[in-house]
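Notes for the one structure printed next.
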Amino acid sequence: MIGIDLVAYEQASSSRWAESRFQEKVLNDSEKELLHQAPSTFHQFWEFWSVKEAAFKSESHTIPNTHFHPKKYTCLPNNQVISSVTGRTFNYKTDYSSDYLTSIVTSSDCETTSRSFEIHNSTPPEISKSVRHATKDELRNHWGLELEMNQPLQYGQLDLAQGKCCFVSMSHHGSYGAFAIARKKDLLHA
């Protein structure tokens, strides 16, 4: 299982992230303490947000009729996040660029690949289409999977031949997009 979330700083800075009422809806007590100790509360808040969103994406395809509730996910200082929805613990990694941050959440038994990129002069529907197109290119070039370019691609489990599968997650915010793909390590050479 894998989840990815991207937060563009320009769009995030105009949100209500610094309001205590908003933070109360998103952060658990231990996260609030870590937030106030962080060198940059802006970056730390959005790391927590993106990790929780990525964790939600990684398990939402297996839980029918679920909705994102940030406080149901707890970020730990050792780069793990715990879901109170399923009881699962995931590992996470957050990468920072000058314009956005990207968090990837995965189980420990997966090989992963991911990419984030800028998309110029596009509307949100075109950005979403560009992210799907880049994801399909990666599935074809790195993973050897042939998908029709007009075939719908959603995040979650993608079934492959011979009973194997991989997991796909995509995100976009502002004019940036990202995707992550994972496959269980025991399926790599099967």
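No lab work stands behind these numbers, since they all come straight from the coordinates. The structure presented is a predicted model; accordingly, all values stated were derived computationally and were not measured. Cβ coordinates were reconstructed from backbone atoms using ideal geometry, including for glycine residues, and neighbour counts include every protein chain displayed.
Over the C-alpha atoms of the chain, the Rg to Rh ratio, Rh being the Kirkwood estimate, stands at 0.97. What you get for region 1-91, charging only the Cβ of Lys and Arg (+1) and of Asp and Glu (-1), is a dipole of about 240 debye around the Cα centre. Between the exposed loop cleavage positions of the chain, defined as GluC sites (Glu not before Pro) in a non-H, G, I, E, B DSSP state with at most 10 neighbouring beta-carbon atoms within 10 angstrom, the longest gap is 20-145.
Once the Cβ-Cβ distance of T89 and F22 is raised to the sixth power relative to R0 = 25 Å, the FRET efficiency obtained is 0.45. Here the label points at F117 and E10, each 7 Å from Cα along the C-beta direction, are separated by 1.9 nm in the simple model. For region 1-77, the set of trypsin sites (Lys or Arg not before Pro) satisfying both a DSSP loop assignment and a count of at most 15 other C-beta atoms within 10 Å is given as R16.
Measuring nothing but how far apart in sequence close Cα pairs (under 8 Å, 6+ apart) lie, relative to its length, region 2-187 scores a relative contact order of 29 percent. In a reduced charge model with +1 at each Lys and Arg Cβ and -1 at each Asp and Glu Cβ, the chain shows a dipole moment near 360 debye about its Cα centre. Comparing T94, T106, T62 in a Gaussian network model of the chain (Cα springs below 10 Å), the most mobile by mean-square fluctuation is T62.
Checking the table K52/K129; K136/K184; K71/K136 against a 26 Å threshold on Cα-Cα, which pairs fail? Where the Cα-Cα span goes over 26 Å, the pairs concerned are K71/K136. The modelled label-to-label distance between E126 and N78, using points 7 Å beyond Cα along the C-beta direction, is 4.7 nm.
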